Structures are given as structure tokens and as C-alpha cells.
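The values are calculated or read from the model by the stated rules, or taken from the named source; none is laboratory data. As the structure is a prediction and not an experimental result, all values here were calculated from the model. FYI the Cβ positions are ideal-geometry reconstructions off the backbone, even for glycines, and counts take in every protein chain you see. Just the protein is used for accessible areas: all its heavy atoms, side chains included, with ligands, DNA and RNA removed. Shrake-Rupley method; radii C 1.70, N 1.55, O 1.52, S 1.80 Å.
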Amino acid sequence: MWNTALFWLACGTLSSWDATVAREQVWLRATQGQVELLTTADARTAQWALAELEALREAVAQTAPWLAAASAPLRIVAFSSEEEFDRYRINPHSPAYFAGGPEWSVIVLARLGQDSAPSLRHEYIHYLLRSSGRKLPLWLEEGLADALSALPKGEADRRVRLLRAGELMHWRELLAAKPAAALYQDWEQARLFYAQSWLLAEALIHSAEGRVDPERLDEWAAMGGGQEHVAQELARRFLKRPRPVGRNWKLASRSSTPEIAPAPAGLVWTVLGRLSMQIGRLDVAEGHLRRAALLTPESLSWLGDLEYRRGRLEEARQAWRLAMARDAADVRTLLRLAVLEQDLPGGEMTPVLEKILAMDPTQEEARLALASQYIRRGRWLDARQRLSEVRSAPPRWAGFYQQALALVRARTSGAELLGTN
């Protein structure tokens with residue numbers, strides 16, 4: 001069965017295999033802690049980048065120790081030119097961006113080097129904020145990403161001149177801005193939004209004596225349309241005497257000894273495929289993920305996600321089944337597979353539900369669904385065992401739970417009294 005699935009995954013791929021490999025860049029993989037860097041730059045540059053981030057984390061600990069302690073898997077994809085970056089760009093002017101997601105988040109950079117260090121640090125602060133569990137208004141997250149990444153002095157001075165001389169955005173508009181707002185697509189508006197968000201974040205940090213405590217952060221995040229006068233006054237004071245929080249930070253790269261080796265092709269294609277899917281370039285994503293599926297099981301879950309997104313449910317089921325068979329499916333993928341097994345002809349939910357519970361015993365809905373499957377097949381003792389493990393039935397399952405428990409108790413009322421020889 002799985003050989004057939006592999007053949008299906010390879011369809012349309014092998015004919016262009018040699019040409020594709022010839023066009024691929026040479027990628028390196030550098031890892032340190034929970035950070036993995038994939039880049040077409042050289043090994044020395046990769047080592048510098050990871051050391052730069054470690055130095056930034058140590059500096060942030062002076063102002064927000066709780067933030068510096070945040071941790072979660074992160075992948076950084078760093079190209080070596082604007083041409084390489086173009087296929088993965090999200091707007092015409094951003095040289096880098098951060099994207100969260102299940103399992104791991106990603107930072108994408110057009111190039112890796114000293115000139116891109118501010119962008120790398122900015123996106124790394126986004127990663128720390130998201131890893132800490134914080135969901136902040138757009139202005140505050142962008143403002144902190146600039147302030148806590150130690151914006152270079154030249155850029156800070158330029159922004160101060162811009163804000164002193166120019167007409168500011170209405171504070172109500174800035175405080176209410178949402179991701180994907182139109183201002184992101186217009187460079188002049190975006191430049192003013194970033195500058196003004198940085199100004200307000202710096203002013204708030206200054207008003208808190210250089211600290212970013214969780215309690216203060218909650219207060220800042222709650223600023224709304226009725227507090228324009230507060231924002232205006234804070235901004236006026238800061239512009240009168242600008243003192244950015246990171247002005248005295250020493251961010252010289254420390255010695256770092258990451259593991260650096262050629263990146264496996266399957267890993268690169270998986271990461272680029274997922275990245276393409278996140279920005280909506282599904283044809284590019286499919287090309288990457290089909291190639292990756294021949295080399296690494298990690299890609300199978302994402303290939304299934306792509307097929308599902310395109311409405312090809314049978315193909316999605318095949319990819320997710322194969323991921324499960326190779327122990328490459330997480331609980332999120334298995335839950336989606338269980339739904340397809342229920343909805344599509346020839347489905348079999350039981351092994352999927354059993355796998356989910358083996359990986360995460362807290363999945364009560366999966367436990368109750370599995371008990372239901374056992375009841376349908378007359379496996380009364382198995383159903384009773386699963387029902388006995390339920391700690392708290394979700395509200396929509398409460399009626400089923402009570403009825404099923406009574407039924408299996410009636411069906412197994414003497415079974416537990418039987419002894420063994």
C-alpha cells in the first residue's frame with residue numbers, strides 16, 4: 001500500500017529531477033539550541049548570524065528577562081541575493097519577515113550579512129514575543145521589535161528627524177492597525193507606521209525606567225482609541241530628548257560553535273515548500289513538497305495540508321496515512337486525518353485515533369470517538385476501558401458519554417468477574 005502511495009507522490013516529479021537539482025543552490029544548515037539556520041551564504045556568515053542572535057538575547061535580558069527566557073523551535077531561511085528571495089517575498093519593500101506556525105516558526109531574509117543584521121534582530125524579537133505567548137497589537141509588536149533589537153543609531157536619528165518634521169499618523173489609526181493592513185503595501189505609509197510605532201514603544205519603555213515587565217506590557221497593549229492624548233504626550237516628551245533603550249547595548253557577536261554541515265535536500269525542499277504554502281504560492285509549494293516527499297518523511301504532513309487546501313481530499317488522506325505509517329505525523333495532522341477517514345469512502349478511523357491517544361493521552365474527544373468505534377465493532381471491553389479513562393467529557397460529547405457508559409457496563413456486567421486459569 002505504501003509503495004503505491006510513494007509512486008503517487010513521485011508522479012510528475014522524476015521527469016524534471018535532473019534539471020531541478022542542477023538549478024538548486026548549495027545550502028548549509030547551522031544549528032544552535034532551538035535555532036536552525038538554512039542559508040546559501042558561507043559557513044562563516046552562518047556562524048556570525050547565530051552568534052549575533054545569542055548576543056541580542058543576552059542584551060534583551062537586561063530589559064525584559066522574561067522575554068529573553070522565551071524559547072521555541074525556530075528556523076531561519078537566509079538567501080544570498082534579492083533574486084533568490086523574490087519567489088518568497090511578501091511585499092515589494094520588506095527585506096525580511098517572520099511567520100509563525102505549528103511545530104516551528106520561520107524568519108526569512110533576502111541576504112545574510114552585516115548590512116542585514118538590523119532586519120535579522122528585528123524578526124528575532126518577533127520570534128521571542130510570539131514564543132512568550134504574547135499576542136500584541138500590531139503597533140506594539142512592531143515598535144518593540146525595533147526598540148528591543150537596538151535600532152542602529154543612524155536609523156534612529158533619521159526617524160527622529162522624520163517624526164519631528166513630518167505630519168504624524170492619527171494615533172487612533174495607528175493603535176487600531178491590523179496585520180495585512182493596506183499601509184503595509186505603501187512604502188511611505190509603512191515607513192511612517194514603523195517609525196511612529198517605534199517612537200511610542202521607546203517612549204513607553206522610557207516611562208517605565210527602561211524595563212519591559214509583563215504587567216506593564218499588558219497595560220500598553222490595552223491602549224485604545226480613547227488614549228490618543230496619552231500617546232501624543234509620551235511621543236512629544238521622547239522626541240524632545242530621544243534616549244532609545246538599546247543605545248548602550250553591546251551587540252558584538254560572541255564566539256559561537258554551531259554545528260554546520262551541508263543541508264539535506266529533503267529538508268530544504270520541505271522548508272521552502274511550507275514557506276511557499278504560507279504565502280499562498282501553491283504551485284511552487286507543490287513542486288518543492290513532492291520532491292521532498294521522496295527523501296524525507298517530514299514533508300508528508302505538509303504535502304497533505306497542501307492537497308487538502310486544494311480540495312484534493314483523497315490525495316491528502318494518502319499523504320497523511322503515509323506520514324502516520326512513518327511516524328512523521330503530529331497530533332494536528334492525525335486529527336485531520338481522522339476526519340477524512342470518517343468522511344471518505346473506505347475510511348478507517350480506529351488506528352488513527354489509537355495513534356493520537358498514544359501520542360497525547362489528553363485528547364478526550366479522540367478517546368470518546370475511539371470508544372464509539374469500538375462499540376460499533378462490538379469490542380465492548382475495549383470500549384469500557386477507554387470510557388473509564390475519560391476525566392472530563394467535552395460538553396458536546398456529554399450525552400454520548402453517559403449513554404455509552406451505561407451500554408458498555410450492561411454488555412460487560414459479568415466479564416470482570418471471570419477469572420483465569
Taking interchain pairs and intrachain pairs at least six residues apart, which have beta carbon atoms under 7 angstrom, with the first residue in segment 72-90 and without any contact (Cβ under 8 Å) to a residue 40 or more places away in the chain and the second open to solvent by 60 Å² or more (accessible area, probe 1.4 Å)?
P73/Q34; P73/E103; S81/R111
Residues in segment 41-52: is at least one modelled with pLDDT of 90 or more, under 30 Å from V245 (Cβ atoms) and either of a type in the set (S, T, N, Q) or surrounded by fewer than 15 Cβ atoms within 10 Å (Cβ to Cβ) (or both)?
yes
Residues within segment 206-227 that are over 20 Å from L162 (Cβ atoms), assigned to a helix (DSSP H, G or I) and over 27 Å from the mean Cα position of the chain (by Cα), tallied
4
Can S388 be described as over 30 Å from L267 (Cα atoms), open to solvent by 30 Å² or more (accessible area, probe 1.4 Å), in contact (Cβ under 8 Å) with a residue 24 or more places away in the chain and small (G, A, S)?
no
Sort out which residues of segment 167-184 are open to solvent by 30 Å² or more (accessible area, probe 1.4 Å), free of Cβ contacts under 8 Å to residues at least 40 places away in the same chain and under 29 Å from the mean Cα position of the chain (by Cα), and write them in order of number.
E173, A180, A182
Do we have any residue at all in segment 278-294 that's under 22 Å from R332 (Cα atoms), open to solvent by 10 Å² or more (accessible area, probe 1.4 Å) and more than 21 Å from the chain's Cα centre (by Cα)?
yes
Pairs with Cβ under 6 Å, 6+ apart, first in segment 39-59 and under 22 Å from A69 (Cα atoms) and in contact (Cβ under 8 Å) with a residue 60 or more places away in the chain, second of a type in the set (G, A, S) and open to solvent by 40 Å² or more (accessible area, probe 1.4 Å):
W48/S253; A51/S253; E52/S253; A55/S253
When you check V212 against the structure, is it touching a helix residue (DSSP H, G or I) at 6+ places or on another chain (Cβ under 6 Å) and under 27 Å from L56 (Cα atoms), yes or no?
yes
Within segment 215-250, residues more than 22 Å from E58 (Cβ to Cβ) and among the polar types (S, T, N, Q) come out as Q227, Q232
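Here is a yes/no grid of residues against (1) open to solvent by 10 Å² or more (accessible area, probe 1.4 Å); (2) free of Cβ contacts under 8 Å to residues at least 12 places away in the same chain; (3) under 27 Å from the mean Cα position of the chain (by Cα):
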| residue | (1), (2), (3) |
| --- | --- |
| A195 | no, no, yes |
| L199 | no, no, no |
| R243 | yes, no, no |
| L251 | yes, no, yes |
| I260 | yes, no, yes |
Among the residues of segment 115-158, what is the count of those that are of a type in the set (S, T, N, Q) and touching a helix residue (DSSP H, G or I) at 6+ places or on another chain (Cβ under 8 Å)?
2
State all residues of segment 54-67 that are over 18 Å from the mean Cα position of the chain (by Cα) and open to solvent by less than 10 Å² (accessible area, probe 1.4 Å); if no residue qualifies, say none.
A55, L56, A59, V60, T63, A64
Among the residues that make up segment 226-236, is at least one of them at pLDDT below 90, touching a Phe, Trp or Tyr at 6+ places or on another chain (Cβ under 6 Å) and open to solvent by 20 Å² or more (accessible area, probe 1.4 Å)?
yes
With (1) open to solvent by less than 10 Å² (accessible area, probe 1.4 Å); (2) more than 22 Å from Y88 (Cβ to Cβ); (3) without any contact (Cβ under 8 Å) to a residue 40 or more places away in the chain as the list, and D343 as the residue in question, which single condition is left unmet?
(1)
For a quick check of your reading of the model, give me the residue pairs whose first member lies in segment 144-166 and is under 18 Å from R121 (Cα atoms) and free of Cβ contacts under 8 Å to residues at least 60 places away in the same chain, whose second is part of a helix (DSSP H, G or I) and among the polar types (S, T, N, Q), with beta-carbon atoms closer than 8 Å and at least 6 apart or on different chains.
D146/S197
When the residues of segment 90-105 are narrowed to those that are touching an Asp or Glu at 6+ places or on another chain (Cβ under 9 Å) and among the hydrophobic types (A, V, I, L, M, F, W, C), which ends up farthest from E141 (Cα to Cα)?
W104
